[in-house]
Amino acid sequence: MILMGNVQTHPSQSCFMSSIDLHTHYSYQIMLPEAIAIVMAPKDGSRTHGIFRLTTPGGMSVIRQCQQRGFHPHEQPPDGRPIYDHCTDVYMNPNLKFDVIDLR
């Protein structure tokens, strides 16, 4: 199975979805609701990666209505849930071997 989404890197920060990550991922999730965002944070002592998805409808609505650019805070969705959640139905298999090739 291949999942659509994006990979963000936080080389010196913790593992979370920044406002830029949220806006970037929104464009994927609006096209494919099951799209995921992977955040790699190698210096985070508690976890080096996270797999996230914007909440529906709350997080999707907040990001859709946001016109700001760059790093900025977002309001909590009206339904009281967070803007994004950890994907509990997706995991990274540590035994899976793969190569990443940059074709630029």
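The values are calculated or read from the model by the stated rules, or taken from the named source; none is laboratory data. Computed from a predicted structure; not experimentally measured. Note that each Cβ is placed from the backbone with ideal geometry, even for glycine, and that neighbours are counted across all protein chains shown. Accessible surface areas use protein heavy atoms only, side chains included; no ligands, DNA or RNA. Shrake-Rupley method; radii C 1.70, N 1.55, O 1.52, S 1.80 Å.
Worth pointing out:
- One equal scatterer on each Cα of segment 1-50, no solvent, Debye formula: the resulting log10 I(q)/I(0) at q = 0.13, 0.14, 0.21 Å⁻¹ is -0.30, -0.35, -0.69.
- Per-atom-type breakdown for the chain gives carbon and sulfur 57% of the accessible area (1.4 Å probe, protein chains only).
- Charge tally in the Cβ shell below 15 Å around residue 23, where Lys, Arg are +1 and Asp, Glu are -1, residue 23 excluded: +1
- Accessible area per residue (1.4 Å probe, heavy atoms of protein chains only) ranks 86, 74, 10 as 86, 74, 10, with the largest value leading.
- Segment 24-44 versus segment 67-100: alpha-carbon centroid distance in Å: 6 Å
- The Kirkwood radius of the chain, taken over pairs of alpha-carbon atoms, gives through the Stokes-Einstein law at 4 °C and 1.567 mPa s a diffusion coefficient of 89 µm² s⁻¹.
- Tilt relative to the chain, helix 19-31 - C-alpha long axis, 0 to 90 degrees, to 10: 90 degrees
- Ranked from largest to smallest solvent-accessible area, with a 1.4 Å probe on the protein heavy atoms, 103, 32 come out as 103, 32.
- FRET efficiency for the residue 89 to residue 61 pair, using the beta carbon distance and R₀ = 22 Å, is estimated at 0.50.
- Amide proton proximity set for residue 84, modelled H, under 5 Å, gap of 5+: 55
- Heavy-atom accessible surface of segment 31-88, averaged per residue, reaches 63 Å², computed with a 1.4 Å probe.
- Every Cα-Cα pair in segment 55-104 was counted, and those over 18 Å apart are 55% of them.
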